[in-house]
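The values are calculated or read from the model by the stated rules, or taken from the named source; none is laboratory data. Just so we're clear, the structure is a prediction, and the values are computed from it rather than from any experiment. Positions of Cβ are backbone-derived with ideal geometry, glycine not excepted, and every protein chain shown enters the neighbour counts. The protein model used for the area step is the full one, side chains on, heavy atoms only, and it has no ligands, DNA or RNA in it. Shrake-Rupley method; radii C 1.70, N 1.55, O 1.52, S 1.80 Å.
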Amino acid sequence: MRTLALIILSLLGSFTGYSQALRSANLKCEYQDNPVGIESQAPRLSWELVSERRDVLQKAYRILVADQPGMLKKNQGNIWDSNKINSSTSIQVIFKGKKLAPAKVYYWKVMVWDNQNQASPWSEVQQWQTGLFSKEDWKVASWIAYEVMADSARILPSHEQKRDKTGGTANDILPLFRKEIKISRKLSKATFYISGLGHFELRINGKKIGDHFLDPGWTNYEKQALYIPFDVTDALKNGDNAIGVMLGNGFYYIPKQKKRFRKLLVQYGYPKMICRLQLNYSDGTSENIVSDGSWKSAPGPITFSSIYGGEDYDANKEKSGWDMPGYKDDKAVWKACLVTGGPAQLNAQKADPLKVFDIFEPQHTNKLNEKTSVYDLGQNASGIVRISVKGNKGDTVRITPAELIKRDGTVDQKAVGSPVYFTYILKGDGIETWEPRFTYYGFRYLQVDGIQPLSIAGLHTRNAAAQAGTFNSSSILFNKTAKLIDWAIRSNMVSIFTDCPHREKLGWLEELHLMGSSVRYTYQVQNLLSKSVADMQLAQISTGLVPEISPEFTVFTWGGDMFRDSPEWGSSSVIVPWYMYEWYGDKKVLENAYPMMKKYMGYLQTKAKGQILSQGLGDWYDLGPNPPGVSQLT
C-alpha cells in the first residue's frame, strides 16, 4: 500500500509539475522589450513558449491588455481581452482592442494552452507606451533654433539634379538651449519626446539623459525627422529643474570648411530642435512643457562639427552650470530662440539607438617626438576617441584617426579622405576629459599632436541591435574570417547600413541583401531593416526609380545615371521586404512596401529591352584590362 501511495503521489507531482513547467516568456511588442514611442494602432505582440518537456506545442492563447496594471492583477483587460484563440501563432499577433491614445502606457500579459490542453499560468506583465500620432499630439510645440537659414541658401541633395560642390556656408555655431521649470506636485511619470536636427544631446539638471549616441537616426530631412522618447521621471525633482539641449550637425548641415575633408556638401538648414515634456502627476492631472520662443539659446563650446571632417571643442567657451537650475542666462549671451518650421513628418525612431560597446586601450605607442605620438589600439573599428589631458589654459591637442600608418610612422588618411581630426583646447583646470559628441570615424591608429594625453582610448560605437547568433568552428582560418566579417558589420551598422565609417558613410542599398544573411544570423535587426525599407520609400522618385543610396544625401551624376540607377542596388526595395517576411514572418512591412515594390518593377519594365536590363554598375569594381570600376568583363 505504501508503494502504491508513493506511485500515486509521484504521478500527481508529475502532472502538477507539467502544468507549472509550461509558461510563456520573452514577451515583446514590435520586436522590443517594453518599448516607448509605438505609433501603430495595431501593434504586434510576440512571446516564446517554454517547457521542460519535449513535443510541447502551443495550440491556443489569450491576451489581456489594460491601461492600469491593477486591472491585470484582477485578470481583466479593459482595453482588450482576446479570449481564448485557437492558434499556434506566437509572433506578429496583432492587437485588436480599443483605439489607443497617444503618449499613454498600456500593460499586457498572455497565457497559452499546449497540445495536451494544459494551460500555462499568466506571463509576467509587460508594457508599451504609445508615441505621438499626429501634429496635434505635440501640444503646440514648435521647432526652435539659434538662427535660421534662408531658403535661398539651402543646398539640397537633388538641387538642380546634380551633385553640389560649390556654394554653402561655413557657419559653425553649435547651439545650447535651456529652459527652467518648477514641479510642485508629486510626479508619477515624465516622458520627454525630442527631435534635434541633425543630432541632439538631452540634459536635465546637469546630467545627460540616456546612453545613446548620434540621436536621432539619419533620414530624408526634406520629408521626415525622427524623434526619441525618454522616460525622465527619475531625472526630475520637486522644485526647480533645468532642461538643456545641445545640437550637432550630422548630415543635416555639413559646413563648408576648406581645411577639413567632406565627401559632399548638403545643408538642409542650421541646427534646430522640437520637444514635448509630458508630466503626469499622482493626483491624476498632467502638464506639458513644449519647445517655443520662451526657451533661451547661446553658442556652445563645440566650435566645429562635421559628420565627415571631425569635431573641435574649446573648453574655454563652456558655460558652467548652463544645464542647472538657477543659472544666470545673461541677455548679452543668451537670446530668445527663434521659432521656425520643420519636416512634415515626425516619427518615432524604429531602429535601436547607437551606443558605445567596446573601449580599446593602446596596445603600442610610438613617440615620434616631444609633441607627437601615435597610438595603436589593436583593432580597426568605428567610433570616437576619449582623452584625458592636463595643461595650461589655451593649450591644444589634436587627434588624427586613421586605419593605416605611413613609413615614417605617422597616420595615413590618403585612401579615405583628408584631413579629418578632433581638436580640444584646454581650460587649464586640472585633469580634463573629453570625447566628441556628434561625429565618428573608422580607425585603429590615433596620432596626437600638441599636449600629450594622460590617457587615450578608442570607443567603438554601433547600432545597439541585440546579438542573434555566433559562429565558431575547428578552423582557425574560418574563425578569423568570421571575426573579420563581424567587425565590418559592426562598424557599418548605425542608423543605416553604411558602406564605410569614414570616406562616405552612405547607405548603398545592395549591402542590405548581399550582406543580409550574415547580418540577420548575427544580430536582431528587424527594426533597423524596417527603418531601411522606410528610407527607400522616402527616397523613391516619381518615375519609380529607387536610388542606389538611401537616404539620398547626394545625387551622383558621374557616368550618367549609373550611380543612381543600378538594379542590383535598387532591387533591395523588393528583396528586403520579402526577406523580412521570410525571416521574421513580418507581413506588415511587406504590405506597406508593396506599392514601392510594384512601382519600382514598373520602372524597370520601361528600361528593359526584351525583359533584359543592362543599365547600372554591373559587376562593380571587377578586374579587367582597364582600371577597376564599372563592369568590364561581365
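When T481, T470 are screened for being open to solvent by 50 Å² or more (accessible area, probe 1.4 Å), in contact with a helix residue (DSSP H, G or I) (Cβ under 8 Å, 6 or more places away or on another chain), under 22 Å from F497 (Cβ atoms) and not basic (K, R), only T470 passes.
Residues that are touching a His at 6+ places or on another chain (Cβ under 9 Å) and hydrophobic (A, V, I, L, M, F, W, C) within region 340-373 comprise L354, V356, F357, I359, F360, listed in sequence order.
Against the test of being open to solvent by 70 Å² or more (accessible area, probe 1.4 Å), touching a helix residue (DSSP H, G or I) at 6+ places or on another chain (Cβ under 6 Å) and on the phi < 0 side of the Ramachandran plot, the options E124, E52 yield a single qualifying residue, E52.
Does S550 meet the test of being in contact (Cβ under 8 Å) with a residue 24 or more places away in the chain and in contact with a His (Cβ under 6 Å, 6 or more places away or on another chain)? Criteria not met by S550.
Here the strands (runs of 3 or more DSSP E) wholly within region 76-150 that include at least 1 residues being in contact with a Pro (Cβ under 8 Å, 6 or more places away or on another chain) and of a type in the set (A, V, I, L, M) are 105-114, 143-145. Selection over region 559-589 of residues that are open to solvent by 40 Å² or more (accessible area, probe 1.4 Å) and free of Cβ contacts under 8 Å to residues at least 24 places away in the same chain gives a count of 4.
Yes/no per residue for (1) more than 26 Å from Y308 (Cβ to Cβ); (2) modelled with pLDDT of 95 or more:
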site: I489; (1), (2): no, yes
site: N492; (1), (2): no, yes
site: E510; (1), (2): no, no
site: M515; (1), (2): no, no
site: S518; (1), (2): yes, no
site: Q524; (1), (2): yes, yes
site: S532; (1), (2): no, yes
site: S550; (1), (2): no, yes
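Looking at region 361-370 only, could you name the residues that are in contact with a strand residue (DSSP E or B) (Cβ under 6 Å, 6 or more places away or on another chain) and loosely packed, with under 14 Cβ neighbours inside 10 Å? Within region 361-370, E361, Q363, H364, T365, K367 meet the criteria.
Candidates A351, A402, A336: the one that is open to solvent by 30 Å² or more (accessible area, probe 1.4 Å) and either out of contact with any Pro (no Cβ under 9 Å at 6 or more places or on another chain) or among the charged types (D, E, K, R) (or both) is A336.
Residues satisfying the criterion are present in region 193-206 (criterion: open to solvent by 10 Å² or more (accessible area, probe 1.4 Å) and either of a type in the set (F, W, Y) or over 27 Å from Y281 (Cβ atoms) (or both)). If the condition is being part of a loop (DSSP other than H, G, I, E, B) and over 19 Å from Q379 (Cα atoms), then region 395-419 contributes D395, R407, D408, K414, G417, S418, P419.
Kindly establish whether V546 is in a loop (DSSP other than H, G, I, E, B) and either crowded, with 23+ Cβ neighbours inside 10 Å or of a type outside the set (K, R) (or both). Yes, satisfied. Among S495, S517, S474, S455, which is polar (S, T, N, Q), free of Cβ contacts under 8 Å to residues at least 24 places away in the same chain and either over 30 Å from D619 (Cα atoms) or in contact with a Phe, Trp or Tyr (Cβ under 6 Å, 6 or more places away or on another chain) (or both)? After applying the criteria, what remains is S474.
Evaluate region 55-70: report whether one residue or more is within 28 Å of E582 (Cα to Cα), of a type in the set (S, T, N, Q) and surrounded by 19 or more Cβ atoms within 10 Å (Cβ to Cβ). Yes, because at least one residue in region 55-70 is within 28 Å of E582 (Cα to Cα), of a type in the set (S, T, N, Q) and surrounded by 19 or more Cβ atoms within 10 Å (Cβ to Cβ). Residues in region 477-507 that are among the β-branched types (V, I, T) and farther than 23 Å from S572 by Cα: T481 only. Criterion applied to G342, G383 was being open to solvent by 20 Å² or more (accessible area, probe 1.4 Å), closer than 30 Å to D499 by Cβ and of a type outside the set (K, R), and the one residue passing it is G342.
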